[in-house]
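Visitor: Below are the structure tokens for one structure; questions will follow.
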Amino acid sequence: MSQTARPEGIARPAEAEWPLWEVFVRSKAGLDHKHCGSLHAADSAMAIQNARDVYTRRQEGTSIWVVRSDQIVASDPAEKDAYFDPAADKVYRHPTFYRLPKSVDHM
Amino acid sequence: MYTQSMDTLNKAEAAELKKPVRSAEDVAREERFEARIDAGDFIEAKDWMPEHYRKTLVRQISQHAHSEIVGMLPEGNWITRAPTLKRKSILLAKVQDEGGHGLYLYAAAETLGTSRDEMIRALHAGKAKYSSIFNYPSLTWADIGVIGWLVDGAAIMNQVPLCRCSYAPYARAMVRICREESFHQRQGFDSLLVLMQQGTASQRAMVQDAVDRWWWPSLMMFGPPDANSPNSEQSMRWGIKRISNDALRQKFVDAAAEQAKVLGVTLPDPALKWNEERQSHDFGAIDWEEFWRVVNGDGPCNRERLAGRVKAWDEGAWVREAALAYAGKQTLKEAA
């Protein structure tokens, strides 16, 4: 908290911290945007600019997305097994499940 | 740049965290957590973790972040006085990197449920530590080269194993930092080589003087000896720490001793010599009293460094507020 002098009785805003943003960078044309970290910024324009300064100092990107962290909805890690394990016994979804004669096995 | 193993969990905090776990459910969760650590799994922000693990990480990562930010001060001191435009551009880029590294690390610590403001408040109140090395002054231009060579060199040695830290957001930040960091050490060595090989006798003496002043504080960056690091064991157990303080320090001494020969400087330790049997260098005793004095606030520049950070924060308050107010107004306008 800042110690700057201010007129008595005028309180500092309770929530003075800039909001948090998640940063996604496309490293080069043709690739996906990939999550690379987060930062604080007052608004979206500042978030993009800070993202450029913080995450692309060495030509790591050609495009940046930012999204407010509180806008991201995520799956619950505690339910990871229930969510993702059912796929484990569906091996027939993979091409390697099917044994074909050698002469056509490249299909 | 810079972390330091300091093991500064205070006794009350440690006792609180070592209380027996309460419910059977907690015991089961803790067992599952330990099993994941043993299996070499990474822990993510929203996964369940013991409170002690969380606190240890918040402390370590925030200390590390503070070190990056405070570490900008001794070098920033020389930006306007760098001898050439090339050296000035390099130093600017390096100091900017340190700021970036601080931000990656603050963000990693925030995933554990602490806020940026809370961490900064703890630093400014003198409650949070940062690496003791930044409480030494950068007196000459040669100091900038030596900081790159020895201080960044020690930091890299410390940080590479952290890329495999069990806490994934920290590990990811460290991967990014280590990738950017190797230029820091190389530019320092390069700058010293120029002074030693093309410089005058007094420039060479300036390099030797800087080496004499930075050598021992650099060795202290690895933290207290293993025998005096009671919390290290738990950190190793949890995969937060991968290699012990003394092992890393030895590795650093062995590397630096060879590099000093190439540079043509003498490391200020009469006991430093190759031990054929150990296939390592022996070296003299470190002054741990000095280390603790500096860690606990009484180094040559502690007050100046902290005052510099507090001043920057206070004087930036109106900018932070104005930016928020502007953002608020824009939102209202869009809504209208």
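Throughout, read-outs are computed from the coordinates displayed, never taken from laboratory work. None of the values given here were measured: they were computed from a predicted structure. Cβ sites come from the backbone with ideal geometry, for glycine too, and all protein chains shown count toward neighbours.
Visitor: Could you identify the single residue in B:ARG116, B:ARG81 that is in contact with a strand residue (DSSP E or B) (Cβ under 7 Å, 6 or more places away or on another chain) and of a type in the set (D, E, K, R)?
Guide: B:ARG116
Visitor: Quickly run through the range B:196-239 and pick out the residues that are more than 16 Å from B:LEU267 (Cβ to Cβ) and of a type in the set (Asp, Glu).
Guide: Across the range B:196-239, the qualifying residues are B:ASP226, B:GLU233.
Visitor: Give the range A:24-44 a look and list any residue that's farther than 22 Å from B:GLU180 by Cβ and more than 9 Å from chain B (Cβ to nearest Cβ), or say none.
Guide: Correct list: A:ALA29, A:GLY30, A:ASP32.
Visitor: Please find, among B:CYS178, B:CYS163, the residue that is surrounded by fewer than 18 Cβ atoms within 10 Å (Cβ to Cβ), assigned to a helix (DSSP H, G or I), of a type outside the set (D, E, K, R) and away from chain A (no Cβ under 14 Å).
Guide: B:CYS163
Visitor: So which residues in the range B:80-107 are loosely packed, with under 15 Cβ neighbours inside 10 Å and either among the hydrophobic types (A, V, I, L, M, F, W, C) or in contact (Cβ under 8 Å) with a residue 12 or more places away in the chain (or both), if there are any at all?
Guide: Those that are loosely packed, with under 15 Cβ neighbours inside 10 Å and either among the hydrophobic types (A, V, I, L, M, F, W, C) or in contact (Cβ under 8 Å) with a residue 12 or more places away in the chain (or both): B:ARG81, B:PRO83, B:LEU85, B:LEU92.
Visitor: Name the single residue, out of those in the range B:251-284 being over 25 Å from B:TYR130 (Cβ atoms) and aliphatic (A, V, I, L, M), that is surrounded by the fewest Cβ atoms within 10 Å (Cβ to Cβ).
Guide: B:ALA271
Visitor: Can you find a residue that is buried (at least 19 other Cβ atoms within 10 Å of the Cβ), away from chain A (no Cβ under 11 Å) and either in contact with an Asp or Glu (Cβ under 6 Å, 6 or more places away or on another chain) or among the aromatic types (Phe, Trp, Tyr) (or both) anywhere in the range B:108-117?
Guide: No; the residues of the range B:108-117 include none that is buried (at least 19 other Cβ atoms within 10 Å of the Cβ), away from chain A (no Cβ under 11 Å) and either in contact with an Asp or Glu (Cβ under 6 Å, 6 or more places away or on another chain) or among the aromatic types (Phe, Trp, Tyr) (or both).
Visitor: For the condition closer than 30 Å to B:THR266 by Cα, out of contact with any Ser or Thr (no Cβ under 6 Å at 6 or more places or on another chain), assigned to a helix (DSSP H, G or I) and among the acidic types (Asp, Glu), what is the one hit in B:GLU304, B:GLU290?
Guide: B:GLU290
Visitor: For a quick check of your reading: which helices (runs of 4 or more DSSP H) sit entirely within the range B:192-287 and have at least 3 residues that are of a type in the set (A, V, I, L, M) and either out of contact with any Gly (no Cβ under 8 Å at 6 or more places or on another chain) or without any contact (Cβ under 8 Å) to a residue 24 or more places away in the chain (or both)?
Guide: B:201-220, B:245-263
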